[in-house]
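> Starting off with a structure, shown below.
The values are calculated or read from the model by the stated rules, or taken from the named source; none is laboratory data. Predicted model only: the values in this text are computed from it and were never measured. Cβ placement follows ideal geometry from the backbone for every residue including glycine, while neighbour counts extend to all protein chains displayed. For accessibility, only protein heavy atoms count, side chains too; no ligands or nucleic acids. Shrake-Rupley method; radii C 1.70, N 1.55, O 1.52, S 1.80 Å.
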Amino acid sequence: MKIIDIINNAIEKKECHFAFELLPPLKGDNITKLYSTVDMLKKFKPAYINVTYHREDVKYVERGDGLLERRITSKRPGTVAISAALMAKYNIEVVPHIICGGFSKSDTEDALIDLSFLGINNILALRGDNLRGERVFKSVDGGHSYATELVEHIMDMNRGVYIDNEVENTHPTDFCIGVAGYPEKHLESPNIEMDIEHLKRKVDGGAAYIITQMFFDNSHYFRFVDLCRAAGITVPIIPGIKPLSTKNQLMLLPQAFHVDIPVELARKAEACATNKDVREVGIEWAIKQCEELKAKGVPVIHFYTMGKADNIERVAAAIF
Ligand code: FAD
């Protein structure tokens, strides 16, 4: 089923559904931890599960002569295979993330063809972040530079148009596309208004819905939805929630995701003696956020698990 149909159904029936995002295991690890997470969360009847994609990373290794050698490594392969495995094992809709970074257009098309053959017809289309050590995002030769271009590429395939028009009598793919939105604006954007203009291009290009970056203050989300609607974006905007779970995250989350942590939450977390206590503060805060979002009629709440999901289980138990 298409994710947009699941969302529209929920809107029509005034329901609020649970959904979550998983990271592929680190290279060398196995899939059982992921299955344990799904086993823990499946009682909340997730509308779908997203599977993130992680581009190659840069590692500096000391050479014998005292100089450093730059090596490209891959830490989390397996997004396509994991998505297929989850769909087969749990009979649930999966949404693999496809990114521009590190992909040529042919790589992208090949990955999409694999997904289509596997019967996976839902995609979250993203640009991806800069490679570590690079100040700006650089696409590989012949790769996409913005998520808009990736959305256009997928929509071409949905019309049966493949790269270079090199094949005839093609079968169109049937992808439903989601894209990312940023209630506190994307870090590279000069202002929220221009960020929303770019978001609108993704939607006008064919994206059926938006999932937001995490936020800890619901007023950012409500303002963002208002600005999007005023800009003519009419598709559903699914809020993304992550419970704060360690003291370090007070610094790391704003650094990595360019989001604000409200004073009240930050003070409560700072006053905690242990990270176990911070986890409780984070759960309590996320429950309050979700209660308000649900009361305002959001059709789905998307949870960022970031590897550990016991806190998500607690929040979901209170809400769904
Ligand atoms: P874009 O929509 O391309 O936007 C990037 C920036 O460029 C923005 O500032 C935008 O305003 C600007 N822009 C867009 N189009 C133009 C244009 N034509 N001209 C000038 N400027 C333009 N990253 C991963 O690597 N893997 C994941 O699995 C992953 N999952 C994510 C899931 C969600 C729900 C979210 C919110 C983010 C996720 N990310 C993931 C992070 C994401 O890849 C980064 O935030 C990335 O920096 C931007 O991706 P985007 O798709 O929003 O990019």
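> Which value, in Å², gives the accessible area per residue of the stretch 3-319 when a 1.4 Å probe is used on the protein heavy atoms? Write down the numbers at each step before the final one.
Numbers: 15570 Å² over 317 residues.
Ligands and nucleic acids excluded, the result is 49 Å² per residue.
> Rounded to the nearest 0.05, what FRET efficiency is calculated for ASP129 and ASN169 with R0 set to 35 Å and r the Cβ-Cβ distance?
On the way: r = 39 Å, r/R0 = 1.10.
Computed FRET efficiency for ASP129 and ASN169: 0.35.
> Just the number, please: carbon plus sulfur as a percent of the accessible area of the chain, 1.4 Å probe, no ligands or DNA/RNA counted. All intermediate terms of the calculation are to be shown ahead of the outcome.
Details: 7960 of 15810 Å².
Here it works out to 50 percent.
> Report the accessible area of LEU187, computed with a 1.4 Å probe over the heavy atoms of all protein chains in place, in Å² rounded to the nearest 10.
Using a 1.4 Å probe on the heavy atoms, I get roughly 90 Å².
> Another question, if that's okay. Can you compute 3J(HN,Hα) from phi for each residue in the stretch 209-216, using the Karplus curve 6.51 cos²θ - 1.76 cosθ + 1.60 with θ = phi - 60°, rounded to whole Hz and x for Gly and Pro?
7, 10, 10, 8, 4, 4, 8, 10
> Also, quick follow-up: Each label point is 7 Å from the Cα along the Cα-to-Cβ direction; what then is the distance between the points at SER74 and ARG223, in nm?
Result: 4.1 nm between the two label points.
> Per residue and in Å³, how big is the convex hull formed by the alpha-carbon atoms of the chain?
Details: hull volume 50.6 nm³, N = 320.
Enclosed volume per residue, from the Cα hull, is 158 Å³.
> Nearest 0.05, what FRET efficiency do MET194 and ASP65 give at R0 = 51 Å with Cβ-Cβ as r? Please report the intermediate quantities before stating the final value.
Working: r = 47 Å, r/R0 = 0.93.
Approximately 0.60, to the nearest 0.05.
> Return the long-range amide H neighbours of LEU22 (sequence gap of 5 or more, or a different chain), with a cut-off of under 5 Å between placed amide H atoms.
Excluding prolines and chain starts, which carry no amide H, the hits are ASN50, VAL51, THR52.
> List the lysines whose Cα lies under 30 Å from the Cα of LYS268, skipping any in the same chain that are fewer than 8 positions away.
Qualifying lysines at Cα under 30 Å: LYS185, LYS242, LYS247, LYS276, LYS288, LYS294, LYS296, LYS308.
> To one decimal place, what orientation-averaged projected area in nm² is obtained for the convex hull of the Cα set of the stretch 179-320?
If you wrap the Cα atoms of the stretch 179-320 in a convex hull and average its projections, you get 8.4 nm².
> Just want to confirm a number: the relative contact order over the stretch 3-319, from Cα pairs under 8 angstrom separated by 6+ residues, in percent. Intermediate results must be reported in sequence, preceding the final value.
Numbers: 548 pairs, mean separation 58.9, N = 317.
Once divided by the residue count of the stretch 3-319, the mean separation gives 19 percent.
> Using 0.36 nm times the number of residues separating GLU284 and ALA230, minus their current alpha carbon distance, what extension gain do you get?
Details: separation 54, 0.36 × 54 = 19.44 nm, distance 3.25 nm.
Length gained between GLU284 and ALA230: 16.2 nm.
> Let me ask something else. Based on DSSP H runs of at least 4 residues, each adding -39500 (n - 2.57), what is the mean residue ellipticity at 222 nm of the chain after dividing by all its residues, to the nearest 500 deg cm²/dmol? Write down the numbers at each step before the final one.
Details: 11 runs with 132 residues, N = 320.
-13000 deg cm²/dmol, from helical runs alone.
> With a 1.4 Å probe and every protein chain left in place, tell me how much accessible area ASP204 has, in Å² to the nearest 10.
Counting only protein heavy atoms, ASP204 exposes about 110 Å² to solvent.
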